[in-house]
Amino acid sequence: MTFPKNPILLVLACWLTSMAASAADTHPPLLVCYPGGAVNEQDAKGAMDALLRVVERVGQWPQNSFTSQFTVKADECKRLLTEQRPGFAITSLGLFLELRDRHNLVPVVQPKIHGRVSDRYRVMVRQGKYKTLDELKGKALGGTVLEEPAFIGRIVFAGKIDPAGFFKLTPTRQAIRALRALDKGEIDAVLLNEQQYSALGSLQLAHPLEAVFASEDIPLMGLVADGKATTAEERARFAKALEGMCADTEGKKLCEMFGVESFVAADRAAFEPMIQQWAGGN
Amino acid sequence: MSGCATLHRKAVPLGQASDCSPDALDRLSARQDDFGPLTDTRTLECALSSLRGSHDTALRRSALGGRLCLYLAERNPDPNAREKLAAEGVRFAEAALALGADGDGRVHYYLATNLGLAVREHMTLAVENLPRLESELQRAVALNPDTDGGGPLRVLGVLYLKAPPWPAGIGDGDKALELLKRAVESHPEHPLNHLFYAQALWNLDEDAAIEPVKRELALGMRLLNEGSWDFNRNSWNEEFMQFQQEIGESGR
């Protein structure tokens with residue numbers, strides 16, 4: 001039995017692979033890039049394939065109509081985007097910002113979680129041990145979101161900190177492992193996203209934690225499209241299909257299991273400050 | 001499995017029973033621990049055929065039905081038949097529990113393994129059943145951790161290794177590593193214990209763990225190739241190859 005380890009992106013990926021097939025049948029239907037993801041590519045493909053069969057049934061497409069491509073390697077993602085020019089892709093926000101100019105990427109849909117379409121990152125420490133971010137200079141920072149230090153530096157820390165130079169970065173594949181290490185005093189801080197932060201109450205840690213830094217709101221990333229390889233009509237069809245996902249019987253189960261309330265058309269204005277911040281980081 | 005909503009209800013035909021030993025049923029009770037991954041397929045089919053026609057409460061309360069179905073399902077190349085056999089194994093185990101077998105960890109183990117096999121190709125059904133799989137395997141670990149070569153430790157470890165991690169799911173690399181280490185230490189003879197322990201080590205830290213990962217992988221492959229695992233060799237070998245490819249692709 002296999003399970004994806006990047007819930008939201010993979011739910012989206014599984015659903016969208018089917019939609020993309022008919023929209024751009026001369027290209028790979030959907031490229032899923034999950035830089036630094038803990039998921040085994042074979043497992044991810046297996047899970048997505050299984051889910052695609054559900055999608056085909058619900059969408060009344062012939063069985064085995066659709067395929068997808070998945071990679072956890074940022075370089076592989078860039079190569080596939082260049083060589084195969086997929087019409088649609090699921091990427092991290094960092095990859096979107098890095099590649100948007102080269103591949104004419106535009107946001108199409110975003111997930112809504114706990115009523116929000118934005119994320120917020122927090123640096124957590126053991127209560128009372130550090131009072132400010134400055135006190136963490138040279139200290140060990142863990143977390144699952146450290147695989148893209150440029151994104152963390154330019155967007156999460158708004159260009160004020162170069163994480164690779166400021167912290168001793170100790171990326172971990174699972175947030176719970178980083179939090180246990182923090183609890184034991186093996187590392188000094190953990191960077192959490194909103195979903196992880198909200199779930200802290202479900203853990204039994206020996207020491208209470210507190211945040212010494214919280215980022216501004218950062219839009220949740222979902223599906224992007226190559227604005228030149230797809231038409232406005234195709235992108236609209238995608239958006240419409242996704243907006244109905246969480247209302248579908250099978251789709252609803254997937255949405256619920258990963259805490260996604262719905263998928264909504266991307267608020268492009270929300271991405272503009274990110275784009276500017278990213279450019280400023282150069 | 002229409003719509004992935006429920007498990008199969010129809011049993012798989014097992015062929016002619018005429019070539020099965022006429023006293024098979026009488027011997028089932030005494031021999032049930034003999035049936036395992038090394039038992040030939042026809043013997044398992046005869047035993048299952050006898051059990052299907054039996055109303056012996058003691059047999060029905062045992063783990064035998066689940067055990068027979070699991071080993072037949074695992075080696076069946078037809079996905080539909082595999083799911084039907086596994087679903088039948090779930091029903092046998094549920095019936096055993098209803099008859100008072102709650103204290104038998106083997107019943108919980110075969111319930112969980114059959115359930116996992118029945119739903120693994122159906123993602124939503126699989127995730128829906130995660131809590132049940134976890135609780136049944138926890139009972140099996142507590143009651144009979146040595147069943148099937150450390151099977152409860154191995155399968156619960158794999159469940160924690162593969163499930164979506166916190167906060168989305170029950171996945172937990174630390175728990176996986178602890179259980180799979182116990183499985184390797186208590187049952188070093190089982191090839192899969194080494195494969196999954198290697199995967200847990202890899203999951204923990206690819207950079208630091210490459211040597212022990214390679215060591216466990218090599219040991220598991222040697223056990224698979226040299227042992228009497230004829231009925232599972234191909235499918236298990238494929239799992240070894242996939243993992244070997246994964247660690248090879250990392251550039252090491």
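Each value in this text was obtained by applying a stated rule to the coordinates, not by laboratory testing. Values in this document were obtained by computation on a predicted structure and should not be read as measured data. Cβ: placed from backbone, ideal geometry, glycine included. Neighbour counts: every protein chain shown.
Peptide A:165-174 shows a mean partner chain C-beta count of 2 within 10 Å per residue C-beta. The length gained on full extension between A:D217 and A:E243, counted as 0.36 nm times the residue separation minus their Cα-Cα distance, comes to 7.1 nm. Between the helical axis of B:206-226 and the longest alpha-carbon principal axis of chain B there is an angle of about 40 degrees.
Averaged over the residues of B:156-169, the number of partner chain Cβ atoms lying within 10 Å of the residue Cβ comes to 6. Near B:K84: Cβ cut-off under 11 Å, other residues only, Lys/Arg at +1 and Asp/Glu at -1. The net charge is +1. Residue ranges A:236-245, A:73-82, B:160-169 sort as B:160-169, A:236-245, A:73-82 when ordered by packing (mean number of other C-beta atoms within 10 Å per residue, highest first). The GluC sites (Glu not before Pro) of the range B:160-252 meeting both criteria, a DSSP state outside H, G, I, E and B (loop) and at most 16 other C-beta atoms within 10 angstrom of the site's C-beta, are B:E189. Over the range A:176-217, all Cα pairs binned in 5 Å intervals from 0 give whole-percent P(r) values of 5, 21, 36, 25, 10, 3, 0, listed from short to long. A Cβ-based charge dipole, computed about the Cα centre of the range B:1-144 with Lys and Arg at +1 and Asp and Glu at -1, lands at about 200 debye.
How much of the pair distance distribution for the range A:65-106 lies past 12 Å, counting alpha-carbon pairs only, in percent? Beyond 12 Å sits 60 percent of the P(r) for the range A:65-106. Which shape class, rounded, prolate or oblate, goes with the range A:178-282 when its Cα gyration tensor gives a ≥ b ≥ c as root eigenvalues, a/c under 1.5 marks rounded, and past that a/b bigger than b/c marks prolate? Here the range A:178-282 falls in the oblate category. Rounded, prolate or oblate: which fits the range B:1-145, taking a ≥ b ≥ c as square roots of the Cα gyration tensor eigenvalues, rounded meaning a/c under 1.5, else prolate when a/b beats b/c? Oblate, since a/c reaches 1.5 and b/c is not below a/b.
Measure nothing fancy, just the Cα-based angle from helix B:191-204's long axis to the longest principal axis of chain B, in degrees from 0 to 90, nearest 10. Approximately 40 degrees, to the nearest 10.
Annotation: chain B has a Kirkwood hydrodynamic radius of 18.8 angstrom, from the mean reciprocal C-alpha pair distance. If you take the beta carbon distance between A:K160 and B:A11 as r and set R0 to 56 Å, what does 1/(1 + (r/R0)^6) give as a FRET efficiency, to the nearest 0.05? That pair, A:K160 with B:A11, gives E of 0.25. Would you work out if the range B:80-142 is rounded, prolate or oblate? Take a ≥ b ≥ c from the square roots of the eigenvalues of the alpha-carbon gyration tensor; rounded if a/c is under 1.5, else prolate when a/b is larger than b/c, oblate otherwise. It is oblate, given that a/c is not under 1.5 and a/b is not larger than b/c. Summarising the label geometry, the points placed 7 Å from Cα in the beta-carbon direction at B:T57 and B:N80 lie 3.9 nm from one another.
Over all other residues within a Cβ to Cβ distance under 11 Å of A:V106, the charged ones net out to +3, with Lys and Arg as +1 and Asp and Glu as -1. In loop segments of the range B:35-107 as defined by DSSP, there are no chymotrypsin sites (Phe, Trp or Tyr not before Pro) with at most 12 further C-beta atoms inside 10 Å of their C-beta. Segment B:T41..B:A218, full-extension length gain: 60.9 nm, with 0.36 nm per residue of separation and the alpha-carbon distance subtracted. Note the angle between two axes, namely the Cα long axis of helix B:41-52 and the longest principal axis of the Cα atoms of chain B, as a number of degrees from 0 to 90, rounded to the nearest 10. Around 50 degrees separate the two axes. Take each residue in B:112-124, count the other chain C-beta atoms within 10 Å of its C-beta, and the mean is 4. For the modelled label position 7 Å from the Cα of A:T132 along Cα-to-Cβ, which residues of the range A:160-179 have backbone nitrogen atoms closer than 17 Å? A:160-162, A:166-167, by backbone N distance to the label point.
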